[in-house]
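K.L.:
One structure, pasted below without further comment.
Values in this text are rule-based calculations from the coordinates and carry no lab data. Quick caveat, the model's predicted, so the values are computed rather than measured. Here the Cβ is made from the backbone with ideal geometry for all residues, glycine too, and neighbour counts use every protein chain on show.
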Amino acid sequence: LQEIEAHNLTDMELQKAKDLAERANDAKSRYLSGISHELRTPLQAILGYAQLLTQRADMPEKHRNAIQIIKRSGEHLAGLIEGLLDISKIEAGRLEIYRNRVKLPDLIDQMIQMFRTMALEKGIEFSCHIHNRLPDYVTTDEKRLRQILINLLSNAIKYTHYGSVEFHIHYRSEVAEFAVIDTGVGINEKDLNRILDPFERVRNANAPNVPGTGLGLTIVRLLTEIMGGELDITSTPGEGSCFKVSLMLSRIGEPVVETPPQRLISGYSGQRKIIMVVDDDPIHRGLMGDLLHPLGLTTFEARDAHDCLDALRNVTPDLFLLDVSMPGIDGLALAEILRTKGFQQPIIMISADAHERHRGSQSPSSHDEYLVKPINNQQLLESIGSLLSLNWVRSNDTAHVHVFDQAAIYHPRLIAIADHVLVRELITYANLGYKRGVNNKLEELNDSGLIDENTLTYCQQLANAMQFSALAKAFNAE
Ligand code: ADP
């Protein structure tokens with residue numbers, strides 16, 4: 001808009017040009033949120049499985065490092081996607097800055113861990129120099145600070161092919177200065193201002209063709225500005241660059257009580273719960289199953305709203321996990337239909353788009369929780385647990401989850417009767433997919449006192465939803 005105003009245009013021409021520029025800006029915002037939506041869904045699968053695999057006790061040691069890298073890179077990617085959205089939010093004046101209590105030395109350590117490996121892989125040196133004693137805790141927006149440092153450090157490594165990257169930290173009078181100095185390709189004087197704008201990258205014969213989006217420095221500039229800090233760049237082409245960010249990070253003096261690390265969930269006690277997962281993406285449905293089954297939760301999958309409504313004739317779930325964006329009836333509309341039909345069970349909406357909640361739903365009370373992909377597995381379980389008032393069984397070991405045998409915990413009597421003639425007949429019917437036969441055997445099992453009412457209802461629900469292999473598994477027959 002400033003550029004438009006610099007030209008000598010008539011009022012009408014000016015208005016027209018401004019409208020056009022605003023429409024272009026709107027289109028860009030829509031494009032950004034569209035891309036972030038497309039990326040979040042596959043990323044959810046990558047992160048979800050990486051988290052599951054890191055927690056498995058039977059994961060061979062030699063693969064652990066690789067899984068950790070997949071997980072960290074996925075998280076980094078998730079950060080980038082958020083960056084895209086952030087730019088559109090900052091430009092629209094909608095970004096909120098938080099004031100978190102941040103353990104500064106830990107944050108610096110995480111940066112060192114993350115970038116030392118990256119530098120090592122590229123054959124360049126990485127060193128960190130802390131010039132003053134850092135306060136243990138400071139107040140700042142942790143996520144934004146991390147984002148600024150990650151962008152500067154990853155650029156330094158990306159644009160340096162020989163030599164070193166140094167990370168310097170000074171802390172004086174509540175102001176922290178982070179300097180990232182590299183011996184990389186450097187930047188021409190004329191490009192120095194331009195690269196701070198979105199999608200601007202340096203392309204010339206000397207500049208190597210490295211992949212990137214041209215968004216990293218824009219985010220650094222915008223975030224530094226709204227956090228009240230300063231960004232300073234000096235660079236010599238062919239020799240290297242120095243990116244310096246100064247930020248006010250107020251020291252927190254009082255002693256802090258550390259919260260104990262959250263222990264991993266490994267199951268729950270009490271009656272078995274059923275979760276209906278409605279999502280058109282089979283990978284996401286599979287991920288939910290892989291996450292929830294080992295904990296003793298039963299899932300029913302539906303690929304769209306109609307499928308879900310059909311299944312509800314036979315199953316009564318305790319909770320719904322609904323994907324927001326589905327072809328046909330979307331998740332928010334489905335939630336409203338469910339409420340109108342009298343289903344009062346908790347509903348968790350899962351969305352790939354942070355903006356989606358602002359559209360569509362007329363009554364926000366139709367769902368109980370709204371989570372945006374990529375969702376941390378633990379966070380999802382905490383939400384499910386609190387909505388269903390589950391008593392989670394937590395593992396003492398924070399690194400591994402012990403996967404309990406579901407039937408052994410929740411239906412000890414089922415295993416004890418696995419050899420009973422009625423059970424053998426039931427399994428035969430189940431394997432044939434003969435629903436009526438299965439239901440008759442279940443009634444007989446209940447009449448003869450071998451299974452209680454709860455188990456009967458649970459097994460009948462499985463049979464009515466044609467989930468015969470889950471049923472056979474409950475009797476330990478697989
Ligand atoms: P990206 O790295 O994705 O292209 P950025 O916004 O982070 O996007 O950077 C914009 C451009 O600035 C880069 O394309 C690169 O040309 C230049 N640049 C950024 N950091 C450095 C650096 N440390 N050394 C040399 N050039 C850099």
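K.L.:
What's the local net charge at LEU223, with K and R +1, D and E -1, over the other residues with C-beta under 9 Å away?
P.N.:
-1
K.L.:
Cα-based count: Lys pairs in segment 1-155 below 23 Å, eight or more positions apart or different chains?
P.N.:
Here the count comes out as 11.
K.L.:
A further question follows. How much of the DSSP beta bridge set in segment 69-180 is antiparallel, as a percent to the nearest 5?
P.N.:
60 percent
K.L.:
Using a simple charge model, +1 on the beta-carbon of Lys and Arg, -1 on the beta-carbon of Asp and Glu, nothing else, what dipole does segment 284-334 show about its Cα centre, in debye to the nearest 20? Display every interim value, and only then the final one.
P.N.:
Details: 3 positive and 8 negative charges, 15 e Å.
Value, rounded to 20: 80 debye.
K.L.:
Name the shape class, rounded, prolate or oblate, that the alpha-carbon gyration tensor gives for segment 72-115, where a ≥ b ≥ c are the square roots of its eigenvalues, rounded holds for a/c under 1.5, and otherwise prolate holds if a/b is larger than b/c and oblate otherwise. Please list the in-between numbers first.
P.N.:
On the way: a/c = 3.64, a/b = 1.46, b/c = 2.50.
Oblate, because a/c is 1.5 or more while a/b does not exceed b/c.
K.L.:
Another question, then. State to the nearest 20 debye the size of the charge dipole of segment 125-225 about its Cα centre, where the only charges are +1 on K and R beta carbons and -1 on D and E beta carbons.
P.N.:
240 debye
K.L.:
For segment 28-89, just say rounded, prolate or oblate: build the C-alpha gyration tensor, square-root its eigenvalues into a ≥ b ≥ c, call rounded for a/c under 1.5, and beyond that prolate if a/b exceeds b/c, oblate if not. The partial results should precede the final answer.
P.N.:
Details: a/c = 4.54, a/b = 2.98, b/c = 1.52.
Prolate, since a/c reaches 1.5 and a/b exceeds b/c.
K.L.:
Ok, one more. Under 4 °C and 1.567 mPa s, how fast does segment 89-138 diffuse according to Stokes-Einstein, given a Kirkwood radius computed over C-alpha pairs? Answer in µm²/s, whole number. Can you show the working numbers first?
P.N.:
Values: Rh = 13.6 Å.
Rounded, D is 95 µm²/s.
K.L.:
With a 10 Å radius around each residue's Cβ, average the other Cβ atoms per peptide and rank 22-35, 227-240, 178-191, highest first.
P.N.:
Numbers: 22-35: 13.4, 227-240: 15.4, 178-191: 18.7.
Most protected by this proxy first, the peptides run 178-191, 227-240, 22-35.
K.L.:
So for each of 310-321, 139-150 I average, over its residues, the number of other beta carbons within 10 Å; can you give me the resulting order with the highest mean first?
P.N.:
139-150, 310-321
K.L.:
Can you order the peptides 98-109, 371-382, 294-305 by their average number of other Cβ atoms within 10 Å per residue, highest first?
P.N.:
Put in order of decreasing packing, that is 294-305, 371-382, 98-109.
K.L.:
Rounded, prolate or oblate, given the Cα gyration tensor of segment 79-232, with a/c below 1.5 counting as rounded?
P.N.:
On the way: a/c = 1.81, a/b = 1.13, b/c = 1.60.
Since a/c reaches 1.5 but b/c is at least a/b, the shape of segment 79-232 is classed as oblate.
K.L.:
While we're on this one: Hey, could you get me the Stokes-Einstein D for segment 122-204, Kirkwood radius over alpha-carbon pairs, 4 °C and 1.567 mPa s, rounded to whole µm² s⁻¹? All intermediate terms of the calculation are to be shown ahead of the outcome.
P.N.:
Values: Rh = 14.6 Å.
Diffusion coefficient, whole number: 89 µm²/s.
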